[in-house]
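Everything on this sheet refers to the single structure shown next.
The values are calculated or read from the model by the stated rules, or taken from the named source; none is laboratory data. Remember, predicted model here, so these are calculated numbers, not experimental data. Glycine gets a Cβ as well: all are built from the backbone with ideal geometry, and neighbour counts include every protein chain shown.
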Amino acid sequence: MTRHAERTAVGAHYGLRDWLAQRITAVVLLAFLLALAVELATAFASADGIDRARWVGVFRPMAMKLLGTLAAASLCFHAWIGMRDIWMDYIKPVGLRLALHVGTILWLAACFVWSVQIMWSV
């Protein structure tokens, strides 16, 4: 006789992965914002201030493009976890919840592609 393991929907460690993912993506976003703040602070310190050329110059280095792309992915994943939890907690009809999940995924994927397109075009 074989016993099949069943996954429980509640209990210890069920939401640990999502909680940890939220914290990791928040740290990535913080690192990006700090790097961006340093770059902008140096721009404001100069006599010229910030213009389009300086703003584009912030994202010209490969490291900033990679960090920006990682930050965009982190933001989308962070938003997905939050929105998914909201839909799961407050939307009871399964069909509507599924439609909202799919709509959220499509919207976040489009936002990610758009942000990458903008970042890598400079």
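Details
- Residue match in segment 47-62 (condition: β-branched (Val, Ile, Thr), within 16 Å of Leu29 (Cα to Cα) and surrounded by 15 or more Cβ atoms within 10 Å (Cβ to Cβ)): no
- The set of residues from segment 65-122 being in a helix (DSSP H, G or I) and of a type in the set (Ser, Thr, Tyr) comprises Thr69, Ser74, Tyr90, Thr104, Ser115.
- Among residues of segment 73-122, those that are among the hydrophobic types (A, V, I, L, M, F, W, C) and under 30 Å from Phe59 (Cβ atoms), counted: 23
- Count of segment 74-122 residues, restricted to those that are hydroxyl-bearing (Ser, Thr, Tyr), modelled with pLDDT of 95 or more and loosely packed, with under 14 Cβ neighbours inside 10 Å, is 1.
- Within segment 30-49, residues that are part of a helix (DSSP H, G or I) sit with their Cβ atoms under 8 Å from residues that are charged (D, E, K, R) and surrounded by 10 or more Cβ atoms within 10 Å (Cβ to Cβ), at 6+ positions apart or across chains, in these pairs: Ala43/Arg54.
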